[in-house]
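Data block below; observations after.
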């Protein structure tokens, strides 16, 4: 386990989702539009969190710094990796990385993405998975 920013990370992140960069995903510089990548990351993290907590009653509470490290271009296949860094009573904290499938070069890194389980009124509610200082769930 590696420790960074006070959180423990699994040494090997799993990359479950792949996307191909299409013309509609490009910005005026002909690289992947950051907003499109942010959309893909939010969706992937939400699906991952819902699977880990076994509920779809989640909302995105916080997304830390988007650290764009390199561009992706039309035709590139990008992989989105997510891992759990902490499970609270009502929340789950994730770490996400996007990389180029072929070169393995990191495109984007986000050290903290928080999802909160909510009730029908949108108020935080217990998810029932327990609390842990660090837990990696596959």
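The values are calculated or read from the model by the stated rules, or taken from the named source; none is laboratory data. Small disclaimer: the values here were computed from a predicted structure and weren't measured. Reconstructed Cβ throughout: ideal geometry from the backbone, glycine too, with neighbour counts over all protein chains shown.
Tell me the residue from 105, 89 that is at pLDDT below 95 and surrounded by fewer than 22 Cβ atoms within 10 Å (Cβ to Cβ), please. The unique qualifying residue is 89. In the set (1) closer than 17 Å to residue 108 by Cα; (2) surrounded by 14 or more Cβ atoms within 10 Å (Cβ to Cβ); (3) in contact (Cβ under 8 Å) with a residue 40 or more places away in the chain, residue 65 fails one condition alone, (2). Scanning the stretch 79-97 for residues that are without any contact (Cβ under 8 Å) to a residue 60 or more places away in the chain and assigned to a strand (DSSP E or B), we see that the one that is nearest to residue 125 (Cα to Cα) is 91.
Residues checked against (1) under 11 Å from the mean Cα position of the chain (by Cα); (2) more than 30 Å from residue 123 (Cα to Cα); (3) buried (at least 16 other Cβ atoms within 10 Å of the Cβ); (4) modelled with pLDDT of 95 or more:
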residue	(1), (2), (3), (4)
6	no, no, no, no
23	no, yes, no, yes
27	no, yes, no, yes
32	no, yes, yes, yes
38	yes, no, no, yes
52	no, no, yes, no
58	no, no, yes, yes
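Flag: residue 60 does not match the condition of being part of a loop (DSSP other than H, G, I, E, B) and on the phi < 0 side of the Ramachandran plot.
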